[in-house]
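The structure under discussion appears below in the form of structure tokens.
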Amino acid sequence: MKIKDKVKLDINGLYEYGPITIVAFGDSVTHGCFEIGKMDYVSVYHRVLANKINEKYDYIPVNVINAGIGGTTAKASLARMESQVFSHSPDLVIIAFGLNDVNGTLEDYLNSLKTIFESCKAHGTEAIFMTPNMLNTYVSERAPEQYKDYACVTAEYQTSGRMDKYMNAAVALANEMDIKVADCYAKWKKLAESEDTTALLSNAINHPTREMHKLFADTLYDVIFEE
């Protein structure tokens, strides 16, 4: 049952179908990483999403399983799908990879996403592919000293078009496989036309600020409820 239908259940429906369960499957942003060494499990986008759902539909509990791991990729996460995602019998899986995958090959990224998408379909689970935020476009003074070299790499990925290429290909794959897309990356690109998007990164490299996690939650909400 899709979440947009499950929120309308009464007590009898709750007995039969149970609460809403969402699994957020991704990397450090999903994990809850903000500033270097700072975890925040209250401000992370999937917790904000759950609260947003319950603000309007307060009868059905929304449980979120955080299956994010900092530093991981879609390829590295394939082996944990059964134990950390599908074992929870989720109503929805949010698939959020890309920030680390851009360090590898596009082929690996797309093949891994395809496997994840196919697994969701095989389990009969609703899935949304959520594209990530932009990377930094320059090396900021706020970037931690120990990560300055990596900030140079990520800035090159963003400004050279490499990140765009990966995101465009991933969205095309999701559309081809009839997987819903919460295209947050496209919203960041739009913001970049008038704003310094590096200033919207809490670590000045790849972790969005708490305010930008709200953008993720709002985008997901609109996709879930088709608004």
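The values are calculated or read from the model by the stated rules, or taken from the named source; none is laboratory data. On a predicted model such as this, the values are computed, not experimentally measured, just so you know. Heads up, the Cβs are rebuilt from the backbone with ideal geometry, glycines too, and the neighbour counts pull from every protein chain shown. For accessibility, only protein heavy atoms count, side chains too; no ligands or nucleic acids. Shrake-Rupley method; radii C 1.70, N 1.55, O 1.52, S 1.80 Å.
Restricting attention to the range 190-201 and to residues that are of a type outside the set (Asp, Glu) and open to solvent by 20 Å² or more (accessible area, probe 1.4 Å), the residue that is farthest from Thr154 (Cα to Cα) turns out to be Ser194. Of the residues making up the range 200-215, those that are touching a Phe, Trp or Tyr at 6+ places or on another chain (Cβ under 6 Å) and over 12 Å from Met134 (Cα atoms) are Ser202, His213. On the basis of being more than 29 Å from Lys148 (Cα to Cα) and either open to solvent by 60 Å² or more (accessible area, probe 1.4 Å) or in a loop (DSSP other than H, G, I, E, B) (or both), does Asp218 make the cut? Yes.
Go through the residues of the range 176-189 one by one and say whether even a single one is loosely packed, with under 15 Cβ neighbours inside 10 Å, touching a Leu at 6+ places or on another chain (Cβ under 8 Å) and in contact (Cβ under 8 Å) with a residue 24 or more places away in the chain. Within the range 176-189, not a single residue is loosely packed, with under 15 Cβ neighbours inside 10 Å, touching a Leu at 6+ places or on another chain (Cβ under 8 Å) and in contact (Cβ under 8 Å) with a residue 24 or more places away in the chain.
Looking across the range 8-26, the residues that are open to solvent by 10 Å² or more (accessible area, probe 1.4 Å) and either under 20 Å from Cys120 (Cβ atoms) or outside any helix (DSSP H, G or I) (or both) come down to Lys8, Leu9, Asp10, Tyr17, Gly18, Pro19, Thr21.
Please specify each residue of the range 132-184 satisfying the condition of being among the β-branched types (Val, Ile, Thr), closer than 24 Å to Gly37 by Cβ and outside any loop (DSSP other than H, G, I, E, B). Hits for the range 132-184 are Val153, Thr154. Taking the range 169-227 as the range and being among the hydrophobic types (A, V, I, L, M, F, W, C) and touching a Gly at 6+ places or on another chain (Cβ under 9 Å) as the test, only Ala170 passes.
Only residues that are of a type in the set (Phe, Trp, Tyr), touching a helix residue (DSSP H, G or I) at 6+ places or on another chain (Cβ under 8 Å) and buried (at least 16 other Cβ atoms within 10 Å of the Cβ) were counted in the range 133-175, giving 2. Looking across the range 27-66, the residues that are within 30 Å of Asn12 (Cα to Cα), of a type in the set (A, V, I, L, M) and either part of a strand (DSSP E or B) or free of Cβ contacts under 8 Å to residues at least 60 places away in the same chain (or both) come down to Ala50, Ile60, Val62, Val64, Ile65. In this entry, Ala151 is excluded by the filter for residues that are in contact with a strand residue (DSSP E or B) (Cβ under 7 Å, 6 or more places away or on another chain), closer than 20 Å to Leu200 by Cβ and not hydroxyl-bearing (Ser, Thr, Tyr).
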